[in-house]
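The structure under discussion appears below in the form of structure tokens.
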Amino acid sequence: MHLLSTIVLRNIVFNPASGMVAVRIGHRRVIGFAEGAGPAITAPLMYKMPLLFKSHSAMMAPFGVLYGTTLASFVPLSALVPKLCSKEKGPALWILGLST
């Protein structure tokens, strides 16, 4: 439970920061790098690390922080979807809402 709360707390803290970074360097760059590479690296780490550190939740916390940070990078996606689908914003946001 401690690890899950670490992931959620980091996600909440980093959500506004990922939006600000996306405004500065571009939504597509943040989404492409952080959503593509971030979870592809941190999700296997979150799976493998409990096998290595069985009873050490403190050793798992940094990996939970990384995973929560990469999950927060999905925030700029809601700003990019209406830009990509300028004619059909309603259905595009509906599909985005289904994914959350």
Requested in this report: Could you please let me know if Tyr47 is touching a helix residue (DSSP H, G or I) at 6+ places or on another chain (Cβ under 7 Å) and of a type in the set (Ser, Thr, Tyr)?
Outcome: no
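Can you find even one residue in the range 66-75 that is under 11 Å from the mean Cα position of the chain (by Cα), of a type in the set (Phe, Trp, Tyr) and at pLDDT below 80?
So far as the range 66-75 goes, yes, one or more of its residues are under 11 Å from the mean Cα position of the chain (by Cα), of a type in the set (Phe, Trp, Tyr) and at pLDDT below 80.
This table checks each residue for (1) crowded, with 19+ Cβ neighbours inside 10 Å; (2) in contact with a His (Cβ under 6 Å, 6 or more places away or on another chain); (3) over 23 Å from Lys83 (Cβ atoms).
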{"site": "Ala17", "(1), (2), (3)": "no, no, no"}
{"site": "Pro39", "(1), (2), (3)": "no, no, no"}
{"site": "Met46", "(1), (2), (3)": "no, no, yes"}
{"site": "Leu52", "(1), (2), (3)": "no, no, yes"}
{"site": "Phe63", "(1), (2), (3)": "yes, no, yes"}
{"site": "Leu71", "(1), (2), (3)": "yes, no, no"}
Query - Selection status of Val13, of a type in the set (A, V, I, L, M), at pLDDT 75 or above and loosely packed, with under 15 Cβ neighbours inside 10 Å - result: yes
Report summary line: Counting only helices (runs of 4 or more DSSP H) entirely within the range 53-100, those with at least 3 residues that are in contact (Cβ under 8 Å) with a residue 24 or more places away in the chain and farther than 27 Å from Ser5 by Cβ are 77-84
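The values are calculated or read from the model by the stated rules, or taken from the named source; none is laboratory data. Quick caveat: nothing in here was measured; it's all calculated off a predicted structure. Neighbour counts are summed over all protein chains in view; Cβ atoms, including those assigned to glycine, are modelled from backbone coordinates with ideal geometry.
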